[in-house]
1. Of the numbered conditions (1) within 16 Å of the ligand (Cβ to nearest atom); (2) surrounded by 21 or more Cβ atoms within 10 Å (Cβ to Cβ); (3) farther than 18 Å from I196 by Cβ, G115 satisfies every one except a single condition; which is it?
2. Would you mind finding the one in D89, D67 that is under 25 Å from F134 (Cα atoms), in contact (Cβ under 8 Å) with a residue 12 or more places away in the chain and outside the structural domain of L164 (by TED's automatic domain parsing)?
3. Would you confirm, using the coordinates I've provided, whether E20 is farther than 30 Å from Y281 by Cβ and in contact with a helix residue (DSSP H, G or I) (Cβ under 7 Å, 6 or more places away or on another chain)?
4. List the strands (runs of 3 or more DSSP E) that sit entirely inside segment 326-442 and contain at least 2 residues that are touching a Phe, Trp or Tyr at 6+ places or on another chain (Cβ under 9 Å).
5. Can you tell me which of (1) closer than 24 Å to Q440 by Cβ; (2) surrounded by fewer than 20 Cβ atoms within 10 Å (Cβ to Cβ) is the one L275 doesn't meet?
6. Of the residues in segment 163-181, how many are near the ligand (Cβ under 10 Å from one of its atoms) and under 18 Å from H116 (Cα atoms)?
7. Please go through segment 71-107 and give me each residue that is part of a loop (DSSP other than H, G, I, E, B), more than 16 Å from the chain's Cα centre (by Cα) and charged (D, E, K, R), ordered by number.
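The values are calculated or read from the model by the stated rules, or taken from the named source; none is laboratory data. Just so it is clear, the structure is predicted and the values come from calculations on it, not from any experiment. Neighbour counts are summed over all protein chains in view; Cβ atoms, including those assigned to glycine, are modelled from backbone coordinates with ideal geometry.
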Amino acid sequence: MRMYDLIQKKRNKEELSNEEIEYMINHYVSGEIPDYQMSAMLMAIFFNGMNDREISTMTNAMAKSGDMVDLSSIEGIKVDKHSTGGVGDKTTLIIAPIVAYYGVKVAKMSGRGLGHTGGTVDKMEAIPGLRTNFSQEEFFDIVNKTGISVIGQSGNLAPADKKLYALRDVTATVESIPLIASSIMSKKLAAGSDCILLDVKTGNGAFMKNLDDSISLAQKMVTIGENCGRKMVALITDMDIPLGNNIGNSLEIVEVIDTLNGKGPKDLTDLCIKLAGNMLYLANKGTIEECENMAKQAIENGYAIKKLIEMVEAQGGDIQYIKNPNKFTKSKYSLDIVLEEDVQGYINYMDTEGLGIASTMLGAGRETKEDSIDFSAGIVLNKKVGDKVKKGDILCTLYTNDYNRIENARNKVKNSIIVRENKPKEIPLVFARVEKDKLQKF
Ligand code: URA
């Protein structure tokens, strides 16, 4: 078999056989297929797509390229969750403690920031002392003891995805349904949970910018998971507006703590109740309505925040920061972005990807793989889409420890927030829900 012929086939819009797809993935991981040939294949897939059989075969080959984690030594139903990536998306650290309180086990491997989107592992490392990298044995022990542990992706989990993702990131081939579906589902299948909730983001801050593509992506991932014996649900949720008010690692941890203490922003709290409700539903804890009520109660009665504290302690983090979030170090510099124009109106539009990029420019994300993160850098939004504003109002505040970063970030933020006289249409938090053979639109 020759990679050249496979590239030519896909370029000519022909189907690849299962053997061809397995050859391509295995020989790319082993280094026998060079990046330049795989880049050409990725671009051919980007333009010409793949059918469901091709996507499933590629996903399985990618999942089996490394360790397939066996979670059977953890008792009970294991539920995983994955977001396709967004700005201000800190839901994992809110919903995992909620469902763990009800006895659902969460043994989760999470990623770092990617492009303009943040990553759970980077956010967790903003908590002093907290470890996100330890042996599988210790990981299982913590889940058995506390019901929950979140760690970084182990080196040998779906290595094909690791290599392909790095290549897609630099060849403009990220926003492709077959490539995103196989990337996410290969990791989820390898990670071993019984049930998987997918949070498929849609909107200007997501990789999938329109609703139809997001639904199609969700349906493909649900089908792949169900065909591999996993119970699946996907929610298609908004990413036209950043989630919550805080963007940036320790700023987001503070918002996680506020939300678990019942004082979080409404959009973030409501979405977390829906996500946690669906995780509890997947674990057979009741109807969706009952499960959402259970999620609310876990916040109200203070048990979910106790679960977060248990997890942080078990992973070596300093729990005083969770008990008293004022302890988080503030950045050296801050700058209010004030509405200077003489207008009265509403925030009509936010370029959410632009705000994610601005947060990275302030130091909250990496520009190159080698960069270290400024945990206290980021943006706190004071106004969001639909809020009334007038001249002199503070729209948001920028935080950084590197003064030289402020000017560029300020310009990016100013261009990302649009004020107009008319009030924009309200955007729902959840657009659709996908289960096996079922699509509900809201
Ligand atoms: N998240 C992933 O893990 N992979 C993608 O391709 C996109 C988002």
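1. That leaves (2) as the condition not met.
2. The unique qualifying residue is D67.
3. yes
4. The strands (runs of 3 or more DSSP E) meeting that bar are 333-338, 378-381, 388-390, 394-400, 417-420, 430-435.
5. (2)
6. Counting residues in segment 163-181 that are near the ligand (Cβ under 10 Å from one of its atoms) and under 18 Å from H116 (Cα atoms) gives 8.
7. Passing the criteria: only E75.
Conditions tested, residue by residue: (1) closer than 16 Å to T397 by Cα; (2) in contact with a helix residue (DSSP H, G or I) (Cβ under 6 Å, 6 or more places away or on another chain); (3) surrounded by fewer than 16 Cβ atoms within 10 Å (Cβ to Cβ).
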{"position": "K285", "(1), (2), (3)": "no, yes, no"}
{"position": "E289", "(1), (2), (3)": "no, no, yes"}
{"position": "Y303", "(1), (2), (3)": "no, yes, no"}
{"position": "S331", "(1), (2), (3)": "yes, no, no"}
{"position": "L339", "(1), (2), (3)": "yes, no, no"}
{"position": "T368", "(1), (2), (3)": "no, no, yes"}
